[in-house]
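The values are calculated or read from the model by the stated rules, or taken from the named source; none is laboratory data. Predicted, not measured: the structure shown is a model, and the values here were computed from it. Cβ atoms come from the backbone with ideal geometry, glycine included; neighbour counts cover every protein chain shown. These accessible areas exclude ligands, DNA and RNA; they are computed on the full protein's heavy atoms, side chains included. Shrake-Rupley method; radii C 1.70, N 1.55, O 1.52, S 1.80 Å.
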Protein chains: 2
Amino acid sequence: MNTRPTLTLGLAGLGTVGSGLVRLLRENTEELRQRSGCEFRLKTVAVRDASRERDLPAGTRLTTDPAELARDPDIDVVVELMGGVTTAKQLITASLDNGKHVVTANKALLAEDGTDLFRQAGEKKTALLYEASVAGGIPVVQTLKDSLAGNRILSIEGILNGTSNFILSEMTSRGMDFATALRGAQENGYAEADPTLDIDGFDTAHKLVLLVRLAWGLDYPYTSMPVQGIRNLDRMDIDFAREFGYRVKLLGRARLTGEGKVEAGVFPTLVNHTYLLARVGGAFNAIRIEANAVGSLFLHGPGAGSLPTASAVLGDIVSIARRAHLLNSGFVQQVLPPASVQPAAEARSTCYLRFMVKDNPGVLRDLSGALADHGVSIAQAMQKERSENGVPLVLMTHEASAQAVRDAIADMLRADFLLAPAVCYRVMG
Amino acid sequence: MNTRPTLTLGLAGLGTVGSGLVRLLRENTEELRQRSGCEFRLKTVAVRDASRERDLPAGTRLTTDPAELARDPDIDVVVELMGGVTTAKQLITASLDNGKHVVTANKALLAEDGTDLFRQAGEKKTALLYEASVAGGIPVVQTLKDSLAGNRILSIEGILNGTSNFILSEMTSRGMDFATALRGAQENGYAEADPTLDIDGFDTAHKLVLLVRLAWGLDYPYTSMPVQGIRNLDRMDIDFAREFGYRVKLLGRARLTGEGKVEAGVFPTLVNHTYLLARVGGAFNAIRIEANAVGSLFLHGPGAGSLPTASAVLGDIVSIARRAHLLNSGFVQQVLPPASVQPAAEARSTCYLRFMVKDNPGVLRDLSGALADHGVSIAQAMQKERSENGVPLVLMTHEASAQAVRDAIADMLRADFLLAPAVCYRVMG
């Protein structure tokens with residue numbers, strides 16, 4: 001018997017993100033149940049070509065008319081992942097009008113034409129959620145909307161376009177020129193056939209308009225934003241910047257001036273190499289928020305891609321499912337089951353070992369023998385100069401269980417090899 | 001006329017975080033109104049010594065009996081910031097019992113004894129929120145609870161104790177031994193007089209228990225967690241680790257094994273220097289979450305301190321204030337006012353300029369003259385070898401307005417100095 005409430009979804013668009021969402025609804029069903037107390041039912045999917053074979057849950061309808069989602073009284077939440085402005089706006093307007101909740105990843109629509117939609121959602125008291133529209137899987141919308149609600153936001157700086165960052169990373173680390181790096185991005189699926197929105201900075205500008213709205217509750221007119229992309233970036237400037245200690249990044253930046261004006265823009269920017277923002281490589285996104293209470297916050301993650309973006313869409317859907325609930329633990333069950341604890345001795349890890357030994361011939365052989373006896377093999381070894389406490393012998397092992405390392409050390413103690421207790425730390429990466 | 005609803009707060013504890021909260025309630029009043037639609041009234045503060053002078057809003061009562069907060073029917077939310085386990089638990093239990101919402105930063109209590117409290121809150125349908133209890137100002141509780149609700153969490157790795165990280169950073173960058181670095185941390189206010197909880201890893205373990213609960217909905221018994229601190233860490237191992245390309249960090253790590261067991265523990269760990277976690281310096285905290293939809297997410301920010309921790313407390317209070325509301329924009333106003341846009345030309349920035357010039361004497365003088373005419377002064381200059389398009393002359397300016405730089409370049413164009421369009425990028429840091 002299934003007594004869980006059901007949340008019925010209509011999905012418009014079955015491209016990269018839409019099919020990622022379908023996959024997550026299937027693969028993470030159990031997690032979604034535990035976290036929302038709901039069953040999610042995907043009733044209808046609107047696509048451009050209904051004749052193509054699709055991998056959809058049994059019973060899911062296909063339609064070529066998105067407006068059907070807005071009309072269907074069964075559907076609770078319309079998920080708009082088709083992109084574009086005109087049809088998407090019609091769908092969202094009609095859906096809100098019929099009292100449905102809407103989840104969208106459409107930054108262009110919300111940035112260029114969001115005011116009406118938010119007003120409409122406010123009047124209808126329905127949700128219009130859009131975590132996926134800025135920085136893919138990074139929860140920056142929720143962070144600004146909820147977590148930092150007690151802050152005065154001072155500034156926002158972000159690498160908000162994965163394609164541009166991938167191109168800049170390739171130009172920087174592999175010495176490519178722009179055209180070659182762009183071709184590589186296209187071959188890797190990071191860049192569209194028409195990369196204009198990405199490399200000319202407009203995609204970043206769309207996202208920045210949304211961040212300004214979240215940070216200061218102000219509607220920044222998209223067409224007023226100064227935007228400079230990376231299309232004309234010469235590799236020579238990347239090299240010169242590096243000589244000064246900087247990396248070139250395409251940054252969206254916004255801050256509130258002392259006079260209450262919003263200074264915002266998108267520019268190729270030299271970022272000091274010691275900053276975390278300078279370390280953001282490949283197609284990743286990152287955002288740095290400066291605020292008067294929290295100080296400085298830095299969020300880093302995948303800015304695009306099927307599953308990461310669908311992760312953000314699904315987070316919004318779950319928050320709609322949970323609306324009436326109060327989940328302190330994040331799970332429906334108020335009393336959580338006990339964890340089955342993995343014994344520490346069974347944990348496997350690469351290990352750093354340091355022994356203080358006598359300066360005798362054969363000591364490395366004896367030590368590594370003790371390790372080998374317990375199946376611990378050595379990846380790297382380093383013998384250092386004698387100190388007052390003996391000769392430091394440093395080893396990095398291959399992956400081994402904590403128990404095996406402990407047993408090997410016990411053998412060494414019995415054999416009286418060690419002048420001081422062995423040092424053992426785990427290694428990551 | 002004030003028609004806003006009022007949320008009445010009772011605060012227990014006026015130490016570092018408590019006084020930060022009082023300060024934020026005063027300084028960010030306008031932001032809080034816009035974001036919650038509520039007035040926040042601090043009615044009563046429970047302190048140990050009521051005779052000391054306190055800087056509190058007019059009309060705030062002082063008491064030495066925390067239980068008074070739980071009893072007072074006016075109080076909607078009890079904020080527990082006194083720490084310790086026994087009295088804090090009594091206060092929270094009594095508050096929940098009386099149907100009050102509770103916000104706490106008490107990781108020790110929630111980790112060692114949270115099960116009953118969460119059950120009680122669930123039965124009473126009241127909020128028991130604790131964003132401030134893990135990693136200070138970093139919104140990791142909300143990220144796990146809400147944003148990643150559609151994910152299967154695979155692993156969590158965190159630098160969760162600022163004191164330990166400060167000590168390790170000092171040992172690494174300044175070659176200090178442990179005892180000296182600890183003294184420095186104490187003198188800087190980062191470490192308590194009794195630093196046991198921090199440096200022996202128990203504070204990290206408390207936080208990790210809370211993260212395990214949020215990630216997998218499982219109660220991990222605090223006393224089962226393997227914990228190794230940094231008290232006995234020898235500087236020599238930091239140096240050897242560095243030779244292998246690693247930084248030593250105190251990490252809390254948890255993952256779900258293939259058999260559904262939770263493997264968790266706190267250990268000094270060698271982290272590959274290319275990882276963002278290895279770059280976390282000073283008293284900062286950071287968390288890396290690996291999940292099956294989002295991939296890898298990295299959050300970095302202040303892990304402790306008065307205002308950052310109070311920021312997290314306040315985020316929880318706002319979410320209670322908003323419970324009945326649906327704020328798509330994060331602001332009460334559904335139609336946002338237009339931003340006053342700072343003209344791009346007025347934006348001030350350090351600039352990177354690159355000119356292609358003829359190989360003539362005096363060209364640097366003429367160029368820098370054109371810049372000086374518009375008040376743009378030069379911080380660094382570099383003349384590079386001639387390329388096919390002329391001699392690259394690279395300048396880093398001091399801060400200047402975009403307009404001044406643009407005007408100077410226009411002068412250069414008129415004077416026919418340049419063999420190619422000037423390149424101008426902004427600089428951060």
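How about segment A:28-64: which of its residues are more than 14 Å from chain B (Cβ to nearest Cβ), hydrophobic (A, V, I, L, M, F, W, C) and in a strand (DSSP E or B)? Correct list: A:45, A:46, A:62. Of all the numbered requirements in (1) part of a strand (DSSP E or B); (2) of a type in the set (Lys, Arg); (3) facing chain A (nearest Cβ under 8 Å), residue B:213 misses one, and that requirement is (1).
Results for (1) at pLDDT below 95; (2) closer than 22 Å to residue B:304 by Cβ; (3) open to solvent by less than 70 Å² (accessible area, probe 1.4 Å); (4) in contact with a helix residue (DSSP H, G or I) (Cβ under 6 Å, 6 or more places away or on another chain), shown as yes or no for each residue.
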| residue | (1), (2), (3), (4) |
| --- | --- |
| B:4 | yes, no, no, no |
| B:23 | no, yes, no, no |
| B:52 | yes, no, no, no |
| B:74 | no, no, no, no |
| B:80 | no, yes, yes, yes |
| B:96 | no, no, yes, yes |
| B:105 | no, yes, yes, yes |
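Annotation note: of B:296, B:349, B:306, B:311, the sole residue that is surrounded by 17 or more Cβ atoms within 10 Å (Cβ to Cβ), on the phi < 0 side of the Ramachandran plot, in contact with a His (Cβ under 9 Å, 6 or more places away or on another chain) and among the small types (Gly, Ala, Ser) is B:296.
Here's the yes/no breakdown for (1) in contact with a Lys or Arg (Cβ under 7 Å, 6 or more places away or on another chain); (2) among the hydroxyl-bearing types (Ser, Thr, Tyr); (3) without any contact (Cβ under 8 Å) to a residue 40 or more places away in the chain:
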{"position": "B:243", "(1), (2), (3)": "no, no, yes"}
{"position": "B:265", "(1), (2), (3)": "yes, no, no"}
{"position": "B:271", "(1), (2), (3)": "yes, no, yes"}
{"position": "B:275", "(1), (2), (3)": "no, yes, yes"}
{"position": "B:281", "(1), (2), (3)": "no, no, no"}
{"position": "B:285", "(1), (2), (3)": "no, no, no"}
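Number of residues in segment A:282-293 that are open to solvent by less than 20 Å² (accessible area, probe 1.4 Å) and within 27 Å of residue B:28 (Cα to Cα) equals 5. Against the list (1) surrounded by 14 or more Cβ atoms within 10 Å (Cβ to Cβ); (2) part of a helix (DSSP H, G or I), the condition residue A:8 fails is (2). Within segment A:146-156, being open to solvent by 20 Å² or more (accessible area, probe 1.4 Å) and within 7 Å of chain B (Cβ to nearest Cβ) holds for A:146, A:152. Please go through (1) over 25 Å from residue B:147 (Cα atoms); (2) more than 14 Å from chain B (Cβ to nearest Cβ) for residue A:123 and return the number of the only condition it doesn't satisfy. Condition not satisfied by residue A:123: (2).
To keep it simple, each residue is scored yes or no on (1) of a type in the set (D, E, K, R); (2) in contact with a strand residue (DSSP E or B) (Cβ under 8 Å, 6 or more places away or on another chain).
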{"residue": "A:98", "(1), (2)": "no, no"}
{"residue": "A:109", "(1), (2)": "no, no"}
{"residue": "A:117", "(1), (2)": "no, yes"}
{"residue": "A:125", "(1), (2)": "yes, no"}
{"residue": "A:129", "(1), (2)": "no, yes"}
{"residue": "A:134", "(1), (2)": "no, no"}
{"residue": "A:147", "(1), (2)": "no, no"}
{"residue": "A:150", "(1), (2)": "no, no"}
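Looking at this structure, is residue A:174 among the basic types (Lys, Arg) and within 19 Å of residue B:429 (Cβ to Cβ)? No; evaluated as a whole, the condition is false for this residue.
For the structure I just gave you, tell me whether residue A:360 is open to solvent by less than 40 Å² (accessible area, probe 1.4 Å) and without any contact (Cβ under 8 Å) to a residue 40 or more places away in the chain. Against the criterion (open to solvent by less than 40 Å² (accessible area, probe 1.4 Å) and without any contact (Cβ under 8 Å) to a residue 40 or more places away in the chain), residue A:360 does not qualify. Looking across segment A:119-129 at every residue that is in contact with a helix residue (DSSP H, G or I) (Cβ under 9 Å, 6 or more places away or on another chain) and open to solvent by 10 Å² or more (accessible area, probe 1.4 Å), the one that is farthest from residue A:81 (Cα to Cα) is identified as A:123. For segment B:257-274, the set of residues classified as more than 9 Å from chain A (Cβ to nearest Cβ) and either under 29 Å from the mean Cα position of the chain (by Cα) or among the aromatic types (Phe, Trp, Tyr) (or both) consists of B:266 only. Of the residues in segment B:200-209, not one is farther than 24 Å from residue B:143 by Cα, assigned to a helix (DSSP H, G or I) and either more than 14 Å from chain A (Cβ to nearest Cβ) or open to solvent by less than 30 Å² (accessible area, probe 1.4 Å) (or both). Scanning segment B:275-327 for residues that are closer than 22 Å to residue A:280 by Cβ, at the interface with another protein chain (Cβ under 7 Å from one of its Cβ atoms), not β-branched (Val, Ile, Thr) and not in a strand (DSSP E or B) gives B:275, B:276, B:279, B:293. Residue pairs whose Cβ atoms lie under 9 Å apart, sitting 6 or more positions apart in sequence or on different chains, and linking a residue in segment B:98-120 that is away from chain A (no Cβ under 14 Å) and more than 19 Å from residue B:323 (Cα to Cα) to a partner that is open to solvent by less than 30 Å² (accessible area, probe 1.4 Å) and of a type in the set (Lys, Arg), are B:107/B:207. Of the residues screened, residue A:279 is one that is over 11 Å from the mean Cα position of the chain (by Cα) and closer than 20 Å to residue B:429 by Cβ. Just give me the residues in segment A:392-429 being of a type in the set (Gly, Ala, Ser) and within 12 Å of chain B (Cβ to nearest Cβ), in sequence order. The answer is A:401, A:402, A:420, A:422, A:429. Screening residue B:39 on (1) at pLDDT 95 or above; (2) over 25 Å from the mean Cα position of the chain (by Cα); (3) among the charged types (D, E, K, R) shows it passes everything except condition (1). Every condition in (1) at positive phi; (2) in contact with a Lys or Arg (Cβ under 9 Å, 6 or more places away or on another chain); (3) surrounded by fewer than 19 Cβ atoms within 10 Å (Cβ to Cβ) is met by residue A:330 except one, and the failing one is (3). Filtered by the rule that a residue be part of a helix (DSSP H, G or I) and either more than 9 Å from chain A (Cβ to nearest Cβ) or more than 28 Å from residue B:272 (Cα to Cα) (or both), segment B:225-238 gives B:235, B:238.
Determine, yes or no, whether residue A:170 is out of contact with any Cys (no Cβ under 7 Å at 6 or more places or on another chain), open to solvent by less than 50 Å² (accessible area, probe 1.4 Å) and at pLDDT 95 or above. Answer is yes for this residue.
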